[in-house]
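The values are calculated or read from the model by the stated rules, or taken from the named source; none is laboratory data. This one's a predicted model, so the numbers in the text were calculated from it and none came from an experiment. Cβ sites come from the backbone with ideal geometry, for glycine too, and all protein chains shown count toward neighbours. SASA here: full protein model, heavy atoms, side chains in, ligands and nucleic acids out. Shrake-Rupley method; radii C 1.70, N 1.55, O 1.52, S 1.80 Å.
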Amino acid sequence: MARKNQTLGEFIIENQSSFKYTSGELSRLINSIRLAAKVVNHEVNKAGLVDIIGAAGETNVQGEDQQKLDVYANDKFIQTLTNRNIVCGIASEEEDDFIIVNSQDENHQNKYVVLMDPLDGSSNIDVNVSVGTIFSVYRRITPVGTPVQIEDFLQKGNEQVAAGYVVYGTSTMLVYTTGDGVNGFTLNPAIGTFYLSHPNMQFPEDGKIYSVNEGNYIHFPQGVKNYIKYCQEEEGDRPYTSRYIGSLVSDFHRNMIKGGIYMYPKSSKNSNGKLRLLYECNPMAFLAEQANGKASDGFMRVMDIEPTELHQRVPFFCGSKNMVEKAEEFMTFPSSEK
Ligand code: P6P
């Protein structure tokens, strides 16, 4: 049972029995993410003070300028996960291909793979806006004792055993699920300890906030245009409020607390949207559903999508259940009355 102000370490120990697989491994995995989050948080918080921000001059597989903090966060999470003999493979937005972990797992006995976006929203770093880390955990499906393979990463979101995010904001929080609800832990930077501050987080079924980059409006499908106009109409509890930070983790986190919907639809510019299925949409979808919310691509449940490639993108509608269902209605019947 979650107790306010419990530390993350106490929570992991007291709840590992609720995890259906061998207890110690997942605890060690979450602990390694906790450690990496503290290290990255320290660097993010001083980004404006040292010449660590600004493009590293390289571009990642998405063709985006790679900020130095992207590289730093990627390296730290890989290093921390690799050194604790828990995972057999890692996939990252910042890595073209998956990584076979065998520094200490020379016999490939570890059972978990981790997929991550080490620093999502990194274009916000230079302007001091919140950024986040997103992670997704699966058990491998290829034989233990052999090197991990692409099939271990291309699993449906339904198969996730854990998922979460770190939001480096006005305070740093670790929010995660292992399939038994969503709990939020806030870092006390003075002592480097995460405390349970948001037990059993739940999306309100309804909300009055919609989050979308309206600069893309003319490129959206008609159903999305109709839904946005629906949000803006004077009727009942509408118009809703538009809030878009440009950092998925921050928009998701605010909407989970206050109620709302986040949308990154496909458009004539991005035929499958911008967000990546495996290490952005699936982990956020797992959290959303565990928090009584919903996540779809506008038509089907995100976690039912059969992945085909590591960095594939999907349209993403996520948040308060009734709002996502309303948006799906407009997507399904684009000509319907608003
Ligand atoms: P746009 C950040 O790059 C990100 O992946 C999400 O965190 C964010 O919601 C979205 O892209 C912002 O994209 O095209 O609106 O700037």
Inset, instruction - Find the Cα radius of gyration of the stretch 8-198, compare it with 2.2 N^0.38 Å by division, and give the number to two decimals. - result: 1.01
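Among bridges DSSP assigns within the chain, what percent are antiparallel (round to 5)? Please list the in-between numbers first.
Values: 45 of 55 bridges.
Expressed as a percentage, antiparallel bridges in the chain total about 80.
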Inset, instruction - Would you mind telling me the share, in percent, of accessible area of the chain contributed by carbon and sulfur at probe 1.4 angstrom? - result: 47 percent
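Net charge near R139: determine it from the other residues with C-beta under 10 Å of the C-beta of R139, scoring Lys and Arg +1 and Asp and Glu -1.
On the way: positive: K111, R140; negative: E25, D152, E159.
Within the 10 Å Cβ shell, the charges total -1.
When ligands, DNA and RNA are left out and all protein chains stay put, how many square angstrom of accessible area per residue does the chain have with a 1.4 Å probe? Please report the intermediate quantities before stating the final value.
Numbers: 13900 Å² over 338 residues.
Averaged over the residues of the chain, the accessible area is 41 Å².
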Inset, instruction - Excluding residues on the same chain fewer than 8 positions from K4, give the lysines whose Cα lies under 22 Å from its Cα. - result: K38, K258
Inset, instruction - Project the alpha carbons of the chain onto their principal axes and report the range along each, largest first, in whole Å. - result: 60, 44, 40
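Quick check on packing: order 229-238, 159-168 by the mean number of other C-beta atoms within 10 Å, highest mean leading.
On the way: 229-238: 11.8, 159-168: 24.3.
Ranking the peptides 229-238, 159-168 by packing returns 159-168, 229-238.
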Legend entry - Residue-averaged [θ]222 nm for the chain, counting only DSSP H segments that reach four residues, each worth -39500 (n - 2.57): -8500 deg cm²/dmol
